[in-house]
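Peer 1: I'd like to ask you about the structure that follows.
The values are calculated or read from the model by the stated rules, or taken from the named source; none is laboratory data. Every value quoted in this text rests on a predicted model; they were computed, and no experiment measured them. All Cβ positions, even for glycine, are placed from backbone atoms using ideal geometry, and neighbour counts span all protein chains on display. Surface accessibility is based on the protein's heavy atoms, side chains included, excluding ligands, DNA and RNA. Shrake-Rupley method; radii C 1.70, N 1.55, O 1.52, S 1.80 Å.
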Amino acid sequence: MNREKTAASTVRWRPPRSLDGLIVGIALLLIWEAAVRIGQVPAYLLPPPSAVAMRLVTDYHSILVHTLTTTGEILLGFGLAIVVSIPMAALLAQSQWAERVLHPILVLSQTVPKVAVAPLLVVWFGFGLAPKVLIAFTMCFFPIVVDTLTGFKSAPAHLRWLALSTGASRWQTFLHFQVPAALPHIFSGIKVASTLAIVGAVVGEFVAADRGLGYQLIVANGTLDVTLSFTVLVVLSIMGVVLYGLVDLVERLALPWHVSQRVHGGGR
């Protein structure tokens with residue numbers, strides 16, 4: 001008992017990893033601000049963080065309107081990729097013939113640069129919402145399919161054989177053994193896709209758009225408004241962090257048993 005108390009008393013409080021990252025981020029911003037001020041770097045080359053923050057305040061209405069447009073494109077493309085990719089991976093996992101036929105086609109589709117495909121999507125679907133959503137979808141589709149397929153195949157073979165030997169159907173074996181084994185891999189693919197969805201939506205807005213953060217970034221670059229460019233980049237980065245954080249939160253709630261969710265080193 002005394003030994004346990006002694007061990008407990010020697011454990012020091014450590015800040016969470018998220019707080020560690022926040023502290024490092026604030027330190028980098030302070031270094032950036034100080035370097036620009038001390039070096040007297042012109043704002044048209046590298047604006048200080050204070051100028052970017054001020055631009056967020058002064059142009060908040062315009063930035064908010066464009067942010068909502070881009071957010072809708074991201075969520076639609078990201079959600080469509082999840083809905084299509086997971087059943088596709090399940091089909092490939094259950095049929096060796098389908099995997100042999102479709103997997104090379106999926107890999108080949110990823111070798112085509114999305115920037116080159118974007119103008120074709122505009123020609124086919126017009127200048128509306130569809131091209132941006134489809135580009136975001138194509139960016140997200142492949143990583144989710146690959147990670148999910150790996151997950152479905154990671155279920156131990158002896159457990160599947162045991163389930164089949166006890167009279168379980170192929171569907172029951174898939175649902176109760178392969179799906180739980182695949183969940184960590186599925187979330188890994190979705191995390192990667194959450195960042196690519198933002199890239200896809202912005203690429204679509206670069207090609208053809210009259211609103212959205214990608215369009216606003218093009219306008220800022222065209223007018224040499226570097227402060228606005230950095231402001232848009234900051235907003236896009238925050239959106240990426242928030243979307244990734246939401247996926248990570250869902251994973252923590254859905255997979256509290258997985259090894260990746262365990263606490264190591266006496267706290268986080």
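Peer 1: Just a yes or no: is a residue in the range 243-254 among the aliphatic types (A, V, I, L, M), outside any helix (DSSP H, G or I) and either modelled with pLDDT under 90 or open to solvent by less than 30 Å² (accessible area, probe 1.4 Å) (or both)? Full working, then the answer.
Peer 2: We begin by selecting, within the range 243-254, every residue among the aliphatic types (A, V, I, L, M); these are 243, 246-247, 249-250, 253-254.
Imposing the further condition that a residue be outside any helix (DSSP H, G or I) reduces the set to none.
No, the range 243-254 contains no residue that is among the aliphatic types (A, V, I, L, M), outside any helix (DSSP H, G or I) and either modelled with pLDDT under 90 or open to solvent by less than 30 Å² (accessible area, probe 1.4 Å) (or both).
Peer 1: Also, quick follow-up: Testing G151 on (1) farther than 19 Å from L196 by Cα; (2) surrounded by fewer than 19 Cβ atoms within 10 Å (Cβ to Cβ), one condition comes back false. Which one is that?
Peer 2: So the condition that G151 fails would be (2).
Peer 1: V123 - would you say it is β-branched (V, I, T), modelled with pLDDT under 90 and open to solvent by 50 Å² or more (accessible area, probe 1.4 Å)? Step through it out loud before you land on a result.
Peer 2: Working: β-branched (V, I, T): yes; modelled with pLDDT under 90: yes; open to solvent by 50 Å² or more (accessible area, probe 1.4 Å): yes.
So V123 fits the description; yes.
Peer 1: Here's a follow-up. Would the range 219-228 turn up any residue that is open to solvent by 80 Å² or more (accessible area, probe 1.4 Å), at pLDDT 85 or above and in contact with a helix residue (DSSP H, G or I) (Cβ under 9 Å, 6 or more places away or on another chain)?
Peer 2: Going through the range 219-228, the residues open to solvent by 80 Å² or more (accessible area, probe 1.4 Å) turn out to be 221, 223-224.
Checking which are at pLDDT 85 or above leaves us with 221, 223-224.
So of that shortlist, the ones also in contact with a helix residue (DSSP H, G or I) (Cβ under 9 Å, 6 or more places away or on another chain) come out as 221.
Taking every residue of the range 219-228 in turn, at least one turns out to be open to solvent by 80 Å² or more (accessible area, probe 1.4 Å), at pLDDT 85 or above and in contact with a helix residue (DSSP H, G or I) (Cβ under 9 Å, 6 or more places away or on another chain).
Peer 1: In the range 186-207, what residues are farther than 22 Å from A90 by Cα, open to solvent by less than 20 Å² (accessible area, probe 1.4 Å) and not hydrophobic (A, V, I, L, M, F, W, C)?
Peer 2: G200, G204, E205
Peer 1: Additional query: Out of L92, L76, which single residue is surrounded by 15 or more Cβ atoms within 10 Å (Cβ to Cβ), touching an Asp or Glu at 6+ places or on another chain (Cβ under 6 Å), at pLDDT 85 or above and in a helix (DSSP H, G or I)? Break it down into steps so the answer makes sense when it comes.
Peer 2: On the way: L76 fails: touching an Asp or Glu at 6+ places or on another chain (Cβ under 6 Å).
L92 is the lone residue from the list that is surrounded by 15 or more Cβ atoms within 10 Å (Cβ to Cβ), touching an Asp or Glu at 6+ places or on another chain (Cβ under 6 Å), at pLDDT 85 or above and in a helix (DSSP H, G or I).
Peer 1: Suppose we keep only residues that are under 27 Å from the mean Cα position of the chain (by Cα), open to solvent by 90 Å² or more (accessible area, probe 1.4 Å) and more than 17 Å from F230 (Cα to Cα) within the range 1-58. Which one would you say is modelled with the highest pLDDT?
Peer 2: Filtering first and then ranking leaves I23.
Peer 1: Filter the range 102-115 down to residues that are farther than 14 Å from P143 by Cα and open to solvent by less than 60 Å² (accessible area, probe 1.4 Å), then give me how many there are.
Peer 2: Summing the residues that are farther than 14 Å from P143 by Cα and open to solvent by less than 60 Å² (accessible area, probe 1.4 Å) in the range 102-115 gives 2.
Peer 1: Sort out which residues of the range 112-131 are free of Cβ contacts under 8 Å to residues at least 24 places away in the same chain and assigned to a loop (DSSP other than H, G, I, E, B), and write them in order of number. Spell out how you get there, then give the answer.
Peer 2: From the range 112-131, those free of Cβ contacts under 8 Å to residues at least 24 places away in the same chain are 112-113, 116-117, 120, 123-126, 128, 130; that's our starting set.
Passing the criteria: V112, P113, G126, G128.
Peer 1: Going through the range 197-229 one residue at a time, which ones are part of a helix (DSSP H, G or I) and acidic (D, E)? Let's see the steps before the verdict.
Peer 2: At the first step, the residues of the range 197-229 found to be part of a helix (DSSP H, G or I) are 197-207, 213-222, 226-229.
If the condition is that a residue be part of a helix (DSSP H, G or I) and acidic (D, E), then E205 is the only one that fits.
Peer 1: Being out of contact with any Gly (no Cβ under 7 Å at 6 or more places or on another chain), at pLDDT 70 or above and assigned to a helix (DSSP H, G or I) is true for just one of L159, L149. Which residue is that? First the steps, then the outcome.
Peer 2: Details: L159 fails: at pLDDT 70 or above.
None of the other options fit; the residue is L149.
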